[in-house]
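Report on the following structure.
The values are calculated or read from the model by the stated rules, or taken from the named source; none is laboratory data. Nothing here was measured: the structure is a model prediction, and the numbers come from that model. Don't worry about glycine lacking a Cβ; one is built from the backbone with ideal geometry, like all the others, and counts go over all protein chains shown.
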Amino acid sequence: MMNNDLNNRNILISGASIAGPALAYWLNQYGFNVTVIEKAPELRKGGYRIDLRGVATDVARRMGILNQVKELNTAMRGSSMIDANGKRYADLNDPNIFGMRQDTDIEIMRGELSGILYDETKDQTKYIFDDAITAITQTDEYVTVTLKDGEQREFNLLVAADGLRSNVRGLAFDKEKISVDHLGYFVSIFTIPNYFNLDHWELSYPAVGKIVNIYSTGKDQEAKALLMFAAPATEYDHRDITRQKQMVIDHFKNEGPAISKILDAIHDTPDFYFDAISQVKTESLSNGRVVLLGDAGYCPSPASGQGSSLALVGAYILAGELAASPGNHQAAFANYESQMRWFVKANQQLGLTVLKEMVAKSKSQLWLQTSMLRLLLQLPWKEKVFKSFLKEMQRTVDEAANAIELKNYEHYKLQAIKSDQF
């Protein structure tokens, strides 16, 4: 058993991707004792590219990591549409257009951001890899967790930052009060050889009910592929990678030679990812001394492009409210949830909006989209036309990314330093 006090100083975080280490960073600033447990045997460096937008970039600045993030920017130079044979038929050379980004937005690989956050926290945080929580019990003062080997440990608070299919959420929350809403699509992301000789460039292949995106990672020998397809909710074992790969193959096997080449690489890829595109909605983000953070509590879906931004902002607010309410986790959790509520709602709505526009639902819609694109690219003022065409969507993205005003918790950090709580 661990020694504990009544001041909520000993905190266990489940999950070492983005939300967990980001929360650990801020808790360390306020003098908390932080442990992070992660089921993977080591830090997971794979994953797709992610965006930091709006207030999330301000959080990164306050953390002192913004320059590091900018240095690892994917620096995409352009995008091309391809047909089933891999032939390019439309090129866009302005990342702010094809990525719907502002100049202050940053695109970075998920694994790169995870690595930055880990490096910033590893000296003050105890990380436990290759382990998981199997049971949770609570009292008025403590959370007792049971680990894989049967060992039990006590903490004042437990944070579930373990993603869409949160293990901790399943153990500590009433399933009737949590919904994981399937949005009608599945997505798979994995590394492939750089068949298309891409250099900071992306390719997109649209089809009815599906889309493929391939882009360079800045390495000559490999690229990333994202394959998304429409399908109803399906029961499958999330540990059965072979079955998941076959689901992807079955949905894309008739899409032509360019896509077949990508499918050939699926068997030997080192970092296969597959899941339903979903949103998490809860009646409450906390239950007793357990609280949800990031995708575990309010996944907006990958379509929103805002999952990592929500995680960073949520971590900042949760840690700040715990520092502002010493010994009163109920007040801290309530204030955290109150501040996040509209921000979460705006970004979950963004995910639905983007998803609706992203994939063609019929052959006629696909033909119209691709024909209009070909036509627009022939115009001498094409960039101006594209910006005007995407203006409304860009406004929607910007509003969601900035749909919260951050409080300043800096003085709680100073108080922690003065009272020698580090």
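When each of Pro300, Pro270 is tested for being in a loop (DSSP other than H, G, I, E, B) and out of contact with any Leu (no Cβ under 9 Å at 6 or more places or on another chain), the lone residue that passes is Pro270.
Of the listed requirements (1) crowded, with 18+ Cβ neighbours inside 10 Å; (2) touching an Asp or Glu at 6+ places or on another chain (Cβ under 8 Å); (3) farther than 24 Å from Thr269 by Cβ, Leu171 misses just one: (2). Looking across Lys210, Lys175, one residue alone is of a type in the set (Lys, Arg) and within 18 Å of Met247 (Cβ to Cβ). It is Lys210. The set of residues in the stretch 76-126 being modelled with pLDDT of 80 or more, in a loop (DSSP other than H, G, I, E, B) and among the basic types (Lys, Arg) consists of Arg77, Lys87, Lys122. Ile262 meets the conditions (1) surrounded by fewer than 20 Cβ atoms within 10 Å (Cβ to Cβ); (2) outside any strand (DSSP E or B) in every case but one. The failed one is (1). Screening Phe186, Phe190 for residues that are touching a His at 6+ places or on another chain (Cβ under 9 Å) and over 17 Å from Gly15 (Cα atoms) leaves exactly one candidate, Phe186. Screening Thr282 on (1) touching a residue at least 60 places away in the same chain (Cβ under 8 Å); (2) more than 22 Å from Glu120 (Cβ to Cβ); (3) surrounded by 21 or more Cβ atoms within 10 Å (Cβ to Cβ) shows it passes everything except condition (3). Residue selection: Ile37 satisfies the criterion of being outside any helix (DSSP H, G or I), touching an Asp or Glu at 6+ places or on another chain (Cβ under 7 Å), of a type outside the set (D, E, K, R) and modelled with pLDDT of 95 or more. If you check Asp250 against the conditions, is it under 24 Å from the mean Cα position of the chain (by Cα) and surrounded by fewer than 16 Cβ atoms within 10 Å (Cβ to Cβ)? No; evaluated as a whole, the condition is false for this residue. Determine whether the stretch 253-274 contains at least one residue that is more than 26 Å from Ala19 (Cα to Cα), touching a helix residue (DSSP H, G or I) at 6+ places or on another chain (Cβ under 6 Å) and either touching a residue at least 24 places away in the same chain (Cβ under 8 Å) or not aliphatic (A, V, I, L, M) (or both). Yes: one or more hits. Restricting attention to the stretch 382-406, the residues that are at pLDDT 70 or above, of a type outside the set (Ser, Thr, Tyr), over 17 Å from Ile106 (Cα atoms) and touching a helix residue (DSSP H, G or I) at 6+ places or on another chain (Cβ under 9 Å) total 5. Within the stretch 203-230, the set of residues being touching a helix residue (DSSP H, G or I) at 6+ places or on another chain (Cβ under 7 Å) and part of a loop (DSSP other than H, G, I, E, B) comprises Val208 only.
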